[in-house]
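Structure, as structure tokens:
The values are calculated or read from the model by the stated rules, or taken from the named source; none is laboratory data. Small disclaimer: the values here were computed from a predicted structure and weren't measured. Methodologically, a virtual Cβ is constructed for each residue, glycine included, from the backbone with ideal geometry; neighbour enumeration extends over all protein chains shown. Protein only, heavy atoms only, side chains kept; ligands, DNA and RNA dropped before computing areas. Shrake-Rupley method; radii C 1.70, N 1.55, O 1.52, S 1.80 Å.
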Amino acid sequence: MKTPWILAAALCSAGAFAQGVPVRIGVIGPFTGGSADVGTTMLNGIRMAVDEINAVGGYLGRPLELDIKDDFSDPEKGLAAANELVAEKVVATIGVCDNGVGMKVVDIFQQAKVPLVIPCATGTPLTAKFPSAQSFTFRTAARDAIQASFIVDDILKRGWNRVAVFADSTDYGTAGLHDTTQALAQMGVKPVYVARVASGAKDVTAQLAEARAVNANVILSYAVGPEAATIANGRKTMGWKVPQVGAWPLSFPNYIDGAYGGAEGSLMAQTFIADPSNERRAAFLSTYARKFNMSRIRVPMAAAQAYDATYLLTYALLGIRNGDLSGPTVKNALENIHRVYYGVVATYEKPFSPEDKEAISQNMLVVGLVRNAMVTFAYPEDARRNLFIQRKK
């Protein structure tokens, strides 16, 4: 994918092709274990952006260098990885896919005053843990509060008002359950059934039977991929043809592949669907396919959001002309990005501010649909709207 001309121009005007000491950027994510699909895809998006940026000079002649740490989806290992990155004096970190890991590491980066840009983890509390003006945590993913509201709006429009909520027992499920019940309450709806699914559960047919007994007409699942697949497999085993909807994990391979056909027809919130609907997205998809020798991106949203996060961080760094890459200076630069970045997920015009650390707004979301084991657009109008990349509202 071609580097945005405005970035290339800024780099060239600053003598960007001179050699310099690398700018170390941390990366933290699950590259081993059950969430590796998400973490590896995120890392690929970051690497793709860094290679493009370095090809035109990096930061004022200094190449970007990644310092990569595997958190294994384990909060304690994530904590250790965050401490290592701080000790290794990264100027900022891009990463975090698991909310449990995120709730640990944001404290470390906050205390060290090192910016953290989250491209995957969506737990609403992650960017609310500290007052916004003081917070060093930024995000280029759609937080669960807006995903929950978005999907609740859609299911009620479809007439599915007897909602059974299935949330897993992780931090992700707990926060998602809160956001979901709050979104339903704002529409005057109370769930007819609420279930907590144990992490690693292989059978939830008893809970599904209870939901069916109270005439639930939709399952809203807030669970990571494997547990969401357990719900789908249970529905299939029971022959209960109730729709399953939820947040973005319903687009993960460990849900779609793990549900053995039970995922067909599932609906979920998406910021990015792997469709070459415009020049930016077509270039991104073709470059990714060539670079990583794969025809299908395992988790397209993770790659696209991480790619955009890397460019936004670079745009912020380019606003620092005196070479001061201390944490507070980088934080201030992220809050005051002056150039518009024409990204893959969105067009970013002032994506962050001291009062707002979320780059994604609800208008950027579309409804994804699992069809033939792939995620596509649920609505033709979303596919048409996807021709035009959205801006934050």
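I want to verify a result. In a Gaussian network model of the chain, Cα cutoff 10 Å, which of these has the top mean-square fluctuation: SER286, SER251, SER169?
Residue with maximal mean-square fluctuation among SER286, SER251, SER169: SER286.
If the elastic network links every pair of Cα atoms under 10 Å, which of LEU312, LEU184, LEU334 fluctuates the most in the Gaussian network model of the chain?
Greatest mean-square fluctuation among the candidates belongs to LEU184.
Can you give the charge dipole size of region 87-224 about its Cα centre, rounded to the nearest 20 debye, using +1 on the beta carbon of Lys and Arg and -1 on the beta carbon of Asp and Glu?
Working: 13 positive and 11 negative charges, 35 e Å.
Dipole of region 87-224, to the nearest 20 debye: 180 debye.
Keeping the other protein chains in place, figure out the carbon and sulfur percent of the accessible area of the chain, with a 1.4 Å probe.
On the way: 8110 of 15060 Å².
Summing carbon and sulfur atoms, their accessible area is 54 percent of the total for the chain.
Not counting ligands, DNA or RNA, and with a 1.4 Å probe, what is MET301's accessible surface area in Å² rounded to the nearest 10?
Accessible surface of MET301 is approximately 10 Å².
Looking at the chain, send over the antiparallel percent of its DSSP beta bridges, to the nearest 5. Mind dumping the intermediate values first?
On the way: 12 of 45 bridges.
Of the beta bridges lying entirely in the chain, close to 25 percent run antiparallel.
Over the Cα atoms of region 112-185, what radius of gyration and what Dmax do you get, in Å?
Looking at region 112-185, its Cα Rg and Dmax stand at 14.3, 49 Å.
When the gyration tensor of region 189-231 is built from Cα positions, what are the square roots of 5 times its three eigenvalues, in whole Å, from largest to smallest? Present the calculation step by step, with values, prior to reporting the outcome.
Details: eigenvalues 67, 27, 13 Å².
Gyration-tensor ellipsoid for region 189-231: 18, 12, 8 Å.
Please say if region 213-359 is rounded, prolate or oblate, where rounded means a/c under 1.5 for a ≥ b ≥ c the square roots of the C-alpha gyration tensor eigenvalues, and otherwise the choice is prolate for a/b larger than b/c and oblate otherwise? Intermediate values should be presented prior to the final figure.
Working: a/c = 3.08, a/b = 2.02, b/c = 1.52.
Note, shape of region 213-359 comes out prolate.
When the Karplus curve 6.51 cos²θ - 1.76 cosθ + 1.60 is applied with θ = phi - 60°, which whole-Hz ³J(HN,Hα) does each residue of region 266-282 get, with x for Gly and Pro?
Residue by residue, region 266-282 yields 5, 10, 8, 6, 9, 9, 8, 10, 6, 10, x, 7, 8, 4, 4, 6, 4 Hz.
Between ARG339 and VAL21, what FRET efficiency comes out of the Förster formula 1/(1 + (r/R0)^6) with R0 = 25 Å and r the beta carbon distance, rounded to 0.05?
Numbers: r = 24 Å, r/R0 = 0.97.
Rounded to the nearest 0.05, the efficiency is 0.55.
Using only alpha carbon positions, build the gyration tensor of the chain, then give the equivalent ellipsoid semi-axes as the square roots of 5 times its eigenvalues, largest first, whole angstrom. All intermediate terms of the calculation are to be shown ahead of the outcome.
Details: eigenvalues 263, 91, 69 Å².
After diagonalising the Cα gyration tensor, the semi-axes are 36, 21, 19 Å.
Quick one: what does P(r) look like for region 164-206 with 5 Å bins over all Cα pairs, in whole %?
That works out to 6, 23, 29, 21, 14, 6, 2, in percent per bin.
Quickly estimate the mean residue ellipticity at 222 nm for the chain, helices only: each DSSP H run with n ≥ 4 gives -39500 (n - 2.57), and the total goes over all residues, rounded to 500. Walk me through the intermediate numbers first.
Numbers: 13 runs with 160 residues, N = 393.
Rounded to the nearest 500, the figure is -12500 deg cm²/dmol.
Quick one: angle between helix 36-55 and the longest Cα principal axis of the chain, in degrees between 0 and 90, rounded to 10, please.
With both axes taken from Cα atoms, the answer is about 20 degrees.
Amide H of ASP168: which non-local residues (sequence gap of 5 or more, or other chain) have their own amide H closer than 5 Å, using H built in the peptide plane?
Amide H neighbours of ASP168, under 5 Å, 5+ apart: GLY173, VAL197, TYR222, ALA223, VAL224.
Using θ = phi - 60° and the Karplus relation 6.51 cos²θ - 1.76 cosθ + 1.60, list the HN-Hα couplings for region 241-250 in order, rounded to whole Hz, with x at every Gly or Pro.
Ordered by residue, 3J(HN,Hα) equals 8, 7, x, 10, 10, x, 7, 5, x, 6 Hz.
Using just the C-alpha positions of region 347-393 as equal point scatterers, what log10 of I(q)/I(0) does the Debye formula give at each q in 0.24 1/Å?
Per q value, in the given order, log10 I(q)/I(0) is -0.87.
Rounded to the nearest whole Å², what accessible area per residue is found for region 118-170 with the 1.4 Å probe?
On the way: 1560 Å² over 53 residues.
Per-residue accessible area for region 118-170 comes out at 29 Å².
Are there trypsin sites (Lys or Arg not before Pro) in region 170-266 that DSSP marks as loop and that have at most 16 other Cβ atoms within 10 Å, and which are they?
On the way: sites: ARG196, LYS202, ARG212, ARG235, LYS236, LYS241; in loops: LYS202, LYS241.
When the trypsin sites (Lys or Arg not before Pro) of region 170-266 are filtered for loop state and at most 16 Cβ neighbours within 10 Å, LYS202, LYS241 remain.
Heavy atoms only, probe 1.4 angstrom, no DNA, RNA or ligands counted: give me TRP248, TRP240 ranked by accessible area, highest first.
Values: TRP248 10, TRP240 30 Å².
These residues rank, largest area first, as TRP240, TRP248.
Helix 300-318 sits at what angle to the longest principal axis of the chain, using alpha carbons and giving 0 to 90 degrees rounded to 10?
30
Which one of ALA80, GLY102, THR122 is farthest out on the positive end of the charge dipole of region 63-177, using unit charges on Cβ (Lys, Arg +1; Asp, Glu -1) and the Cα centre as origin?
Highest projection toward the positive end goes to THR122.
Quick check: from the Cα gyration tensor, does region 194-257 come out rounded (a/c under 1.5), prolate or oblate? Don't skip to the answer; put the middle values down first.
Numbers: a/c = 1.62, a/b = 1.45, b/c = 1.12.
Because a/c hits 1.5 or more and a/b exceeds b/c, region 194-257 counts as prolate.
Roughly how far apart, in whole Å, are the Cα centres of region 198-229 and region 135-186?
Region 198-229 and region 135-186 have Cα centres separated by 16 Å.
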